[in-house]
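The values are calculated or read from the model by the stated rules, or taken from the named source; none is laboratory data. None of the values given here were measured: they were computed from a predicted structure. Methodologically, a virtual Cβ is constructed for each residue, glycine included, from the backbone with ideal geometry; neighbour enumeration extends over all protein chains shown.
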Amino acid sequence: MRSTILSARWRANSGPWALLCSVVAFVYLFSLGPILITAAVSFNETHRSSFPPHGFSFRWWERALAPEWINPLLFSLKLGSLTALFSTLLALPLAFALFRYRFRGRDALVALTLGPLMLPTLVTGVGLLQLFQYVGWREYIGFTALLVGHVVICMPFAVRTVGVSLHTLPPNVELAAGSLGATRWRTLRYIVFPLIKSGVVAGAVFAFIHSFTDVNLSIFLARPGEIPITVKILGFLEFGFAPTLAAVSVITLLLPLILVAIVERVSGLGDFIYGDRDRA
Amino acid sequence: MLEPALRLVGIEKHYAATVAVAGIDLEVNEGEFVTLLGPSGCGKTTTLGLIAGFFPPTAGAIYLEGKPVGDLPSFRRDIGVVFQDYALFPHLSAADNVAFGLRMRNLPQAEIARRVADALELVHLAGLGERRPLQLSGGQRQRVALARALVINPTVLLLDEPLSNLDQKLRDEMRIEIAGLQRRLGITTVFVTHDQGEALVMSDRIAVMNAGRIEQIGEPAEIYEHPATRFVAEFIGRMNFFSGQVTTAREVRTARGLVIAAPVPLGIASGAEVHVAVRPERSRLCRDKPDAGLALKGTVRQVLYLGSTREFHLDLEGGERGLVEMPNDGSAVTFDAGAGVWLAASFDHCLVLPARS
C-alpha cells in the first residue's frame, strides 16, 4: 500500500514520468489519429472529404465494394499469400544453410539473400522491369513479374525470422533425436520443425504484410487488370482524395490485420513475437 | 571368445589445428560401468560423441558387440545418451519424450505405452508423464532423460556429466540412484565426468584422461592407491610431491640439494628425474626424527580445523611444502603453528613416479 502511495506521489512530481506520458500520447496521436480520421471521412454524406464528416452515409462504402476496388484487393491478397508461401519455402533451406553451416561462398550468399533488405525497393523495381524487358519476358510483366519481385524483397524477412528461431533451438535436441533412432528427416519433421514453427509462421506473416503494403516495386511491374490495391490507390490519388478512397483505405488496413489475428490464434505466433517460448 | 560390449581401437579426432582425441584404446565389458575422468578439454566428451556417432573419428575403429560401427550414423547405433543439459524435447510431454525412441522404431502402440509406463516407474516418475519438461524440476528432467535413454534397451548407455547441473544434495542422491539402476539393469555404461568423487563412487573402472589420451585405466582403488603418473596422482585426491633426481637406489636429491630417502623402484635408473609422492592422509607428524621411512624436517605454517580431520600445512627444509591430514579421533597429539616437526611416512605409502620430459 505504502509503496503505491509513494509511487503515485513520485509520478505526480516526476519530470521523466510526464515526459514519458507525452511521448506516448504523441505516438498514439500520429499512429492512430490518421486512421481514425480516414475512417470518419469515409462516412461523409457529401462529395467533399471533410472532417468532421458532414452527415452520415454508406454510399462511399458501396463504391469501395464495387469490382473496381475489390478486384485489386483480391489480387493483392492472392499475390501476398503466394509471396508468403514461396518466400517461406525458399527461406527454410536457405536459413538452414546460412545459419547452420560454414561453407565457401556463404558470405556471398548471405549478402545476396539479405541484400534486398537494404536496397531501395524502387531500385529493385526498376531493375526487374528492365530485366523482364531485355530478356524478352515482356508478356510476364503483371502477376508473374510481381510475384518474382515480391519474393525477392520479402524473402529476407522470412530468412531472418527462421534463422532467429533456429538459434533459439535448444542445443543437443537434434543429437538426442539421432541417438534415439531418428533419421535426419524424421528429426526435422518431429523435433526441429515443431520447435521453429512459430518462427516460420511469423516469417510468412511478415512476408505477406510486406508484399501487401508494397507500392515502390509494384508500381513498375503492374499492368492493367493485374494491379495491386496499393498501386490502384496511388493511381486514384491523381484525381484527388475522395471519400471512396477513405473507405478503400480502411478495408486495406483491416484486411491484413484480421488475417494476422487469425494466424496468430491458430499457430500461437505470439510465442515468437513476445519471446515466451517453452524451454527445458 | 566373448566380445566386449564396446571396443575403441586407436580412436582419434582432429579439428583443423587442434587434436581433441589423440589415440584412445578402450574395452568396456558387458554390464560394466566405466568412467572417463579428466579436466575440461581433455577429450572425454568428444570421445563420448564419437561412440554415439555424432561425428566421425579422424582415425581408428569403434566396435559394438564386435561389429564395427565407425561408418554408421548415430540413429543406427542403438546407443542411449543422457546429455549434460538433458536435451529434452520441450514441445513434448515427459511420456512422449520417453516414447520418442520407441516410435522411431515403429513399435506397436500398446507396447510403447507399456514400456513408457515401466520406464517412468523405474525412475520414480509414474504419474508425471503428462507434464512438459518446463513443468518439471531439474532432478525430474534428469530422470526423464535417463528413462528416455534406457527405454530403448541400448547396447551401451552414455552419460555426459549428467549430474553437473544439479544441486549438491540431489547430486549425491542421483549418484547412488544411477549407479544402483545401472547395476540392477546390468547395462554397459560409459560415464563422463570431471568430478573425482563421482568417479570413485560409481565406477567399476576409471579411465583418467589428459590431453586427448588415457593416462591410466583401472579400478577406483587401484587408481587412487597406485597412480601411474603425476597427473593422475594430482587429479584424484591430494598428494605431496617432492621432485628431484635419483642418486642411488634409496635416495632422491631435490633441485635445492635436499636428499630424501625414498623407495626407488628397480626400473628407474640413477640420474632419472622423479617425483616422490605421498598422500596427506598417509603422512603423519612427529616431534622427533622417525627411525625409518620418509622423513622431512620442517615447521608448521598453518593448522586448519575441519571437524573430522585437521590439516597441517608445513614449510619443509629445502624450500619444500608439505601437507599432513590427521583424523580428529581424540587421541592424536596436535601441533601449533610455528612448531618444529617431522613429516613422516612409511615407505609402503610412498610412490616414486617418473617425471615426464
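Any idea which of (1) in a loop (DSSP other than H, G, I, E, B); (2) over 17 Å from the mean Cα position of the chain (by Cα) is the one B:LYS13 doesn't satisfy?
Failing condition for B:LYS13: (1).
Residues that are out of contact with any helix residue (DSSP H, G or I) (no Cβ under 9 Å at 6 or more places or on another chain) and in the same structural domain as A:GLY80 (by TED's automatic domain parsing): find the helices (runs of 4 or more DSSP H) completely inside region A:109-190 holding 2 or more of those.
On the way: elements: A:121-134, A:143-167, A:173-179, A:184-187.
By residue number, A:121-134.
Scan (1) touching a helix residue (DSSP H, G or I) at 6+ places or on another chain (Cβ under 9 Å); (2) within 22 Å of A:LEU253 (Cα to Cα); (3) not in a loop (DSSP other than H, G, I, E, B); (4) not assigned by TED's automatic domain parsing to the domain that holds A:PHE239 for the single condition A:LEU73 breaks and write down its number.
Among (1) touching a helix residue (DSSP H, G or I) at 6+ places or on another chain (Cβ under 9 Å); (2) within 22 Å of A:LEU253 (Cα to Cα); (3) not in a loop (DSSP other than H, G, I, E, B); (4) not assigned by TED's automatic domain parsing to the domain that holds A:PHE239, the lone unmet condition for A:LEU73 is (4).
Is there a residue in region A:267-276 that is modelled with pLDDT under 85, away from chain B (no Cβ under 14 Å), crowded, with 18+ Cβ neighbours inside 10 Å and closer than 30 Å to A:ASN44 by Cβ? So that I can check it myself, show each step before the final result.
Keep residues of region A:267-276 that are modelled with pLDDT under 85, which gives A:267-276.
When the remaining residues are screened for being away from chain B (no Cβ under 14 Å), the result is A:269-270, A:273-275.
Checking which are crowded, with 18+ Cβ neighbours inside 10 Å leaves us with A:269.
The next check asks that each one be closer than 30 Å to A:ASN44 by Cβ; those that pass are none.
So far as region A:267-276 goes, no, none of its residues is modelled with pLDDT under 85, away from chain B (no Cβ under 14 Å), crowded, with 18+ Cβ neighbours inside 10 Å and closer than 30 Å to A:ASN44 by Cβ.
Has region B:59-76 got any residue that is under 28 Å from B:LEU181 (Cα atoms), β-branched (Val, Ile, Thr), within 14 Å of chain A (Cβ to nearest Cβ) and in contact with a strand residue (DSSP E or B) (Cβ under 7 Å, 6 or more places away or on another chain)?
yes
Could you list, ordered by first residue, the pairs with Cβ atoms under 6 Å in which the first is in region B:83-97 and under 17 Å from B:ASN165 (Cβ atoms) and at the interface with chain A (Cβ under 7 Å from one of its Cβ atoms) and the second is in a loop (DSSP other than H, G, I, E, B) and among the polar types (S, T, N, Q), at least 6 apart or interchain?
If the second residue must be in a loop (DSSP other than H, G, I, E, B) and among the polar types (S, T, N, Q), the pairs left are B:PHE83/A:ASN172; B:ALA87/A:ASN172.
For region A:194-228, how many residues meet the condition of being over 15 Å from the mean Cα position of the chain (by Cα) and either among the β-branched types (Val, Ile, Thr) or closer than 30 Å to B:ASP96 by Cβ (or both)?
Result for region A:194-228: 7.
Identify the single condition in (1) within 14 Å of chain B (Cβ to nearest Cβ); (2) of a type outside the set (A, V, I, L, M); (3) surrounded by fewer than 21 Cβ atoms within 10 Å (Cβ to Cβ) that A:ARG106 does not satisfy, given that it satisfies every other one.
Among (1) within 14 Å of chain B (Cβ to nearest Cβ); (2) of a type outside the set (A, V, I, L, M); (3) surrounded by fewer than 21 Cβ atoms within 10 Å (Cβ to Cβ), A:ARG106 violates only (1).
Let me confirm something: among A:TRP137, A:TRP185, which residue is among the aromatic types (Phe, Trp, Tyr), free of Cβ contacts under 8 Å to residues at least 24 places away in the same chain and within 14 Å of another protein chain (Cβ to nearest Cβ)?
After ruling out the rest, the residue left standing is A:TRP185.
Tell me, yes or no, whether region A:95-113 has at least one residue that is touching a Pro at 6+ places or on another chain (Cβ under 9 Å) and either among the basic types (Lys, Arg) or over 22 Å from A:GLY199 (Cα atoms) (or both).
No: region A:95-113 contains no residue that is touching a Pro at 6+ places or on another chain (Cβ under 9 Å) and either among the basic types (Lys, Arg) or over 22 Å from A:GLY199 (Cα atoms) (or both).
So which of A:ALA84, A:ALA97, A:ALA91 is assigned to a helix (DSSP H, G or I), modelled with pLDDT under 90 and of a type in the set (Gly, Ala, Ser)? Lay out the reasoning, then the answer.
Values: A:ALA84 fails: modelled with pLDDT under 90; A:ALA91 fails: modelled with pLDDT under 90.
Answer to the check: A:ALA97.
Which of the residues that make up region B:114-143 are more than 14 Å from every other protein chain (Cβ to nearest Cβ), loosely packed, with under 14 Cβ neighbours inside 10 Å and at pLDDT below 95?
Across region B:114-143, the qualifying residues are B:GLU121, B:HIS124, B:ALA126, B:GLY127, B:GLU130.
Within region B:139-153, is even one residue under 14 Å from the mean Cα position of the chain (by Cα), assigned by TED's automatic domain parsing to the domain that holds B:LEU48 and under 17 Å from B:GLY31 (Cα atoms)?
Taking every residue of region B:139-153 in turn, none turns out to be under 14 Å from the mean Cα position of the chain (by Cα), assigned by TED's automatic domain parsing to the domain that holds B:LEU48 and under 17 Å from B:GLY31 (Cα atoms).
What do you reckon, is A:GLY199 in contact with a strand residue (DSSP E or B) (Cβ under 7 Å, 6 or more places away or on another chain), farther than 25 Å from B:GLY49 by Cβ and either within 14 Å of chain B (Cβ to nearest Cβ) or at pLDDT below 90 (or both)?
no
Are there any pairs, at least 6 apart or on different chains, whose C-beta atoms fall under 6 Å, with the first in region A:233-244 and under 20 Å from A:PHE58 (Cα atoms) and assigned by TED's automatic domain parsing to the domain that holds A:LEU73 and the second of a type in the set (Phe, Trp, Tyr) and in a helix (DSSP H, G or I), and if so, which?
A:PRO243/A:TRP60; A:THR244/A:TRP60
For the subset of region A:149-182 comprising residues that are of a type in the set (Ser, Thr, Tyr) and more than 17 Å from the chain's Cα centre (by Cα), which member is nearest to the other protein chains (Cβ to nearest Cβ)?
For region A:149-182, the residue satisfying everything is A:SER179.
Which one of A:LEU257, A:LEU234, A:LEU221 is away from chain B (no Cβ under 11 Å), surrounded by fewer than 16 Cβ atoms within 10 Å (Cβ to Cβ) and closer than 19 Å to A:THR83 by Cα?
Going through A:LEU257, A:LEU234, A:LEU221 in turn, the sole match is A:LEU257.
Among the residues of region B:39-47, is there at least one that is farther than 25 Å from B:GLN216 by Cα and within 14 Å of another protein chain (Cβ to nearest Cβ)? First the steps, then the outcome.
Taking region B:39-47 and keeping what is farther than 25 Å from B:GLN216 by Cα, we get none.
The answer is no; no qualifying residue exists.
Just to be sure before I move on: is B:ILE178 of a type outside the set (Lys, Arg), crowded, with 19+ Cβ neighbours inside 10 Å and modelled with pLDDT of 95 or more in the structure I sent?
Details: of a type outside the set (Lys, Arg): yes; crowded, with 19+ Cβ neighbours inside 10 Å: yes; modelled with pLDDT of 95 or more: no.
Against the criterion (of a type outside the set (Lys, Arg), crowded, with 19+ Cβ neighbours inside 10 Å and modelled with pLDDT of 95 or more), B:ILE178 does not qualify.
Looking at the structure I just gave you, is A:SER81 surrounded by 15 or more Cβ atoms within 10 Å (Cβ to Cβ), farther than 28 Å from A:ARG184 by Cα, of a type outside the set (Asp, Glu) and within 20 Å of the chain's Cα centre (by Cα)? Working first, answer last.
Values: surrounded by 15 or more Cβ atoms within 10 Å (Cβ to Cβ): yes; farther than 28 Å from A:ARG184 by Cα: yes; of a type outside the set (Asp, Glu): yes; within 20 Å of the chain's Cα centre (by Cα): yes.
For A:SER81, the condition - surrounded by 15 or more Cβ atoms within 10 Å (Cβ to Cβ), farther than 28 Å from A:ARG184 by Cα, of a type outside the set (Asp, Glu) and within 20 Å of the chain's Cα centre (by Cα) - is met.
Which count do you get for residues in region B:185-228 that are among the aliphatic types (A, V, I, L, M) and at positive phi?
Of the residues in region B:185-228, 1 are among the aliphatic types (A, V, I, L, M) and at positive phi.
Considering A:PHE51, A:PHE26, A:PHE56, which residue is in a loop (DSSP other than H, G, I, E, B) and either loosely packed, with under 13 Cβ neighbours inside 10 Å or in contact (Cβ under 8 Å) with a residue 24 or more places away in the chain (or both)?
Result of the check over A:PHE51, A:PHE26, A:PHE56: A:PHE56.
On the given criteria, is B:GLU173 loosely packed, with under 15 Cβ neighbours inside 10 Å, more than 14 Å from every other protein chain (Cβ to nearest Cβ) and either closer than 27 Å to B:VAL28 by Cβ or touching a Gly at 6+ places or on another chain (Cβ under 8 Å) (or both)?
Yes: the conditions hold for B:GLU173.
Give the residues of region B:37-66 that are of a type in the set (A, V, I, L, M) and more than 18 Å from B:ARG77 (Cβ to Cβ), sorted by residue number.
Passing the criteria: B:LEU37, B:ALA59.
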